[in-house]
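A short write-up of the structure that comes next.
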Amino acid sequence: MLALQINRRKLMPLLGNGIVHLILISFGIIMIAPFIWMVTTSLKTLPEVYMFPPKLLPEKWQWSNYIEAWNYAPFGSFYFNSVFAGVMVTLGQLVTSSLAAYAFSRLRFPGRNWIFYCYLGTMMIPYQVTLIPSYMLMRWFGWIDTYQALIVPFLADTFGVFLLRQYFLTIPDSLEDAALIDGCSRFRILSSIFLPLSKPALATVALMTFLKNWNSFFWPLIAINSMKMRTLPVGLVLFVDEAGTQWHLQMAASVISIVPVILLFVAAQKYFIRGITLTGVKG
Amino acid sequence: MSSHVNTRKYRLIEFFTPYAMLLPSALVFAVFVIFPVFFSLYMSFFNWRAVSSTREFIGISNYAQLLTSSEFLHSVKVTFAYVAGIIPIGMGLGLVVALLLNRKMRGVTMYRVLYYLPVVTAWAAIGVVWRWIYQPSYGLLNVVLERLGLPIGYWLSEPETAMPSLIAVGAWKVIGYNAVIFLAGLQNVPQELYEAAEIDGAGGLRKFTRITWPLLTPTTFFLLIVSVINSFQNFSGVYVMTKGGPMESTRVIVYYLYQQAFVFFNMGYASAVAWILVLVVFVLTLLQMKFADNKVHYQ
């Protein structure tokens, strides 16, 4: 009798976990099914794509589709532009945000609160309203179709300022006091003490900034005209709109576009998840 | 040795340092956020066509035209439909997933990757795949439905089904994000409360309605606002999958703005549209900020 009772208590949570896993896996399959379908379609020949009923896997894996897609549109340029702009924007934001975060968290100065609320205020402004005037600024500066257009407007963002400020606030004062007495400038303190201590936070900001910039669509759509300056998401869509019914090439192009993001995410998901739960920003 | 701290030069440096540190970000914001916001307002009072050419002051005519334009009101309706569809489905399923993940078990990391993948992938690539899935003749969806003996549809190609199809993709894309946020909220609920409830004999449902749900309220509210704001701003999804069609059935406000500003070059009118959007989102973001503040301290 006793033996049966003990077994039941051990069995139920195990069973519970089993059912949960089942549900999560089935639902998880629905979540990634489009990705799987994307990859398998990208490796088929065009007739195979149209086959009805369709097979999951192609007869022979047509890696040549990728080469064809890559050559169809200047994907090399798209990649370079996205990477270059992404890296520059990320570096820029790391610099501007850590400077601002340090000032807000560590220094007292007249107008500090007031200015902080202004920063807060910019977070409340949806980007759509800045698009038209920013576009006009680009025209006036002559920056349409240049890297400046992709980079300069995004060299600062409040998200990074807030996250880093939050993090800096947890660093004890004593570290600074010693350096101050020795005659260190504030800038030195920031770069030599705070930044090395803030690697996780900096990594989070860097990743989320890079990702957001990589995926950005509206601005690159309007600020860039020529094919060879296009960024990856926009280039992909333009290619797809032109490629009509060449589904296998379209899928190959899509895979090409998302592989870096997926790799980045899988490798650094810890930082992403932390960044999201700390600030609620989706990235 | 520390007498240098009181020199005039040092005091001057100390005084200007904060402002010097703020200058880079402040400059960027001033030029690319603050200025545009106000210039947008300025532009909205003009009949401003194209970038530089003719413009005449027309006061609030743009706004008047906007609020009576059936085109704009249609876009508002479409946007509301999108938001109203995504929120319950996306948040509901996100909560379910979070509840399932909120246990001591292995594989949580793998599930997080699975569920979050749609979130980090750009709408561009996602739109391309789903366009293919929704394709009426060869797309995966209709094929599967037919196999199961269920009715097939024209999805993105037909006005009646286009918006629901869009909503499905939008929800699919956001479930992972909602789950992560809900999970964080769930994990803030103290275990002792559950244990106490169990001792009192409370079952699963009771524990949920009396403990979990009430304590999740801040998270739920926060997520609600964020979700509304985000779905309000959907543009790339529409651009990739439907371009506002078929028959303008998916022309959300931001897409309408895009058309007015960058296809028809009605810069003044489009600025007015943008400002209406600002007012709506501003109010919502204000609410969200109040709650995000609480949330951050909670962590």
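The values are calculated or read from the model by the stated rules, or taken from the named source; none is laboratory data. Treat the numbers as computed from the prediction; the structure is a model and nothing was measured. Because the Cβ atoms are built from the backbone with ideal geometry, glycine has one as well, and the counts that use them run over all protein chains shown.
Results for (1) within 12 Å of chain B (Cβ to nearest Cβ); (2) within 30 Å of A:ILE276 (Cβ to Cβ); (3) surrounded by fewer than 14 Cβ atoms within 10 Å (Cβ to Cβ); (4) among the aromatic types (Phe, Trp, Tyr), shown as yes or no for each residue.
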position: A:PHE154; (1), (2), (3), (4): yes, yes, no, yes
position: A:ASP157; (1), (2), (3), (4): yes, yes, no, no
position: A:LEU163; (1), (2), (3), (4): yes, yes, no, no
position: A:LEU175; (1), (2), (3), (4): no, yes, yes, no
Tell me whether the stretch A:238-252 contains one or more residues that are more than 8 Å from chain B (Cβ to nearest Cβ), surrounded by fewer than 19 Cβ atoms within 10 Å (Cβ to Cβ), in a helix (DSSP H, G or I) and modelled with pLDDT of 90 or more. yes
Helices (runs of 4 or more DSSP H) contained in the stretch B:100-210 and holding at least 2 residues more than 7 Å from chain A (Cβ to nearest Cβ) and modelled with pLDDT under 90: B:108-120, B:140-147, B:159-186, B:191-199, B:204-207
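Listed here are the residues, each with its yes/no results for (1) outside the structural domain of B:GLY85 (by TED's automatic domain parsing); (2) among the β-branched types (Val, Ile, Thr); (3) closer than 26 Å to A:ILE132 by Cβ.
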| site | (1), (2), (3) |
| --- | --- |
| B:ASP200 | no, no, no |
| B:SER231 | no, no, yes |
| B:GLU248 | no, no, yes |
| B:TYR256 | no, no, yes |
| B:VAL263 | no, yes, yes |
| B:LEU277 | no, no, yes |
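Going by the structure shown, is B:VAL31 over 30 Å from B:ARG112 (Cβ atoms) and touching a residue at least 40 places away in the same chain (Cβ under 8 Å)? Step through it out loud before you land on a result.
On the way: over 30 Å from B:ARG112 (Cβ atoms): yes; touching a residue at least 40 places away in the same chain (Cβ under 8 Å): no.
No, not satisfied.
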Yes or no: B:GLY85 assigned to a helix (DSSP H, G or I), buried (at least 20 other Cβ atoms within 10 Å of the Cβ), in the same structural domain as B:VAL226 (by TED's automatic domain parsing) and small (Gly, Ala, Ser)? no
State which residue is farthest from the other protein chains (Cβ to nearest Cβ) when the search covers only the stretch A:185-195 and only residues that are part of a helix (DSSP H, G or I) and of a type in the set (Gly, Ala, Ser). A:SER192
Would you be able to say whether some residue in the stretch A:47-65 is in contact (Cβ under 8 Å) with a residue 60 or more places away in the chain, surrounded by fewer than 18 Cβ atoms within 10 Å (Cβ to Cβ) and either touching a helix residue (DSSP H, G or I) at 6+ places or on another chain (Cβ under 7 Å) or not hydroxyl-bearing (Ser, Thr, Tyr) (or both)? no
Subset of the stretch A:36-46 that is buried (at least 21 other Cβ atoms within 10 Å of the Cβ) and either outside any loop (DSSP other than H, G, I, E, B) or without any contact (Cβ under 8 Å) to a residue 12 or more places away in the chain (or both) - its residue that is farthest from the other protein chains (Cβ to nearest Cβ): A:SER42
What residue, of A:GLY244, A:GLY275, is at positive phi and not hydrophobic (A, V, I, L, M, F, W, C)? A:GLY244
Scan the helices (runs of 4 or more DSSP H) fully inside the stretch A:77-184 and keep the ones with 2 or more residues being aromatic (Phe, Trp, Tyr), assigned by TED's automatic domain parsing to the domain that holds A:GLY235 and under 29 Å from B:GLN259 (Cα atoms). A:128-141
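Residue-wise test of (1) of a type in the set (A, V, I, L, M); (2) farther than 17 Å from B:VAL33 by Cα.
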{"position": "A:LEU94", "(1), (2)": "yes, yes"}
{"position": "A:ALA100", "(1), (2)": "yes, no"}
{"position": "A:PHE104", "(1), (2)": "no, yes"}
{"position": "A:TYR117", "(1), (2)": "no, no"}
{"position": "A:LEU120", "(1), (2)": "yes, no"}
{"position": "A:MET123", "(1), (2)": "yes, no"}
{"position": "A:TYR127", "(1), (2)": "no, no"}
{"position": "A:ILE144", "(1), (2)": "yes, yes"}
{"position": "A:ILE151", "(1), (2)": "yes, no"}
Can you confirm whether the stretch B:52-74 contains a residue that is over 30 Å from B:VAL174 (Cβ atoms), over 27 Å from the mean Cα position of the chain (by Cα), assigned to a helix (DSSP H, G or I) and free of Cβ contacts under 8 Å to residues at least 12 places away in the same chain? yes
Picking from B:ARG147, B:ARG55, B:ARG103, which residue would you name as being surrounded by fewer than 17 Cβ atoms within 10 Å (Cβ to Cβ), among the basic types (Lys, Arg) and in contact with a Pro (Cβ under 8 Å, 6 or more places away or on another chain)? B:ARG147
Going through B:GLU198, B:GLU192, B:GLU160 one at a time, which residue ends up being touching a helix residue (DSSP H, G or I) at 6+ places or on another chain (Cβ under 9 Å) and more than 22 Å from B:LEU114 (Cα to Cα)? B:GLU198
Determine whether the stretch A:199-208 contains at least one residue that is out of contact with any strand residue (DSSP E or B) (no Cβ under 9 Å at 6 or more places or on another chain), over 25 Å from A:SER257 (Cβ atoms) and either buried (at least 16 other Cβ atoms within 10 Å of the Cβ) or outside the structural domain of A:MET123 (by TED's automatic domain parsing) (or both). yes
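Here is a yes/no grid of residues against (1) touching a Ser or Thr at 6+ places or on another chain (Cβ under 8 Å); (2) more than 30 Å from A:ALA268 (Cα to Cα); (3) without any contact (Cβ under 8 Å) to a residue 24 or more places away in the chain; (4) not assigned by TED's automatic domain parsing to the domain that holds B:THR79:
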| site | (1), (2), (3), (4) |
| --- | --- |
| B:LEU101 | no, no, no, no |
| B:VAL120 | no, no, yes, no |
| B:ILE133 | no, no, yes, no |
| B:VAL143 | no, yes, yes, no |
| B:LEU156 | yes, yes, no, no |
| B:VAL169 | no, no, no, no |
| B:VAL189 | yes, no, no, no |
Kindly list the number of the only condition in (1) closer than 23 Å to B:PHE235 by Cα; (2) surrounded by 14 or more Cβ atoms within 10 Å (Cβ to Cβ) that fails for B:LEU67. (2)
If a residue must be within 30 Å of A:ILE193 (Cα to Cα), without any contact (Cβ under 8 Å) to a residue 12 or more places away in the chain and under 21 Å from the mean Cα position of the chain (by Cα), how many such residues does the stretch A:124-175 contain? 1
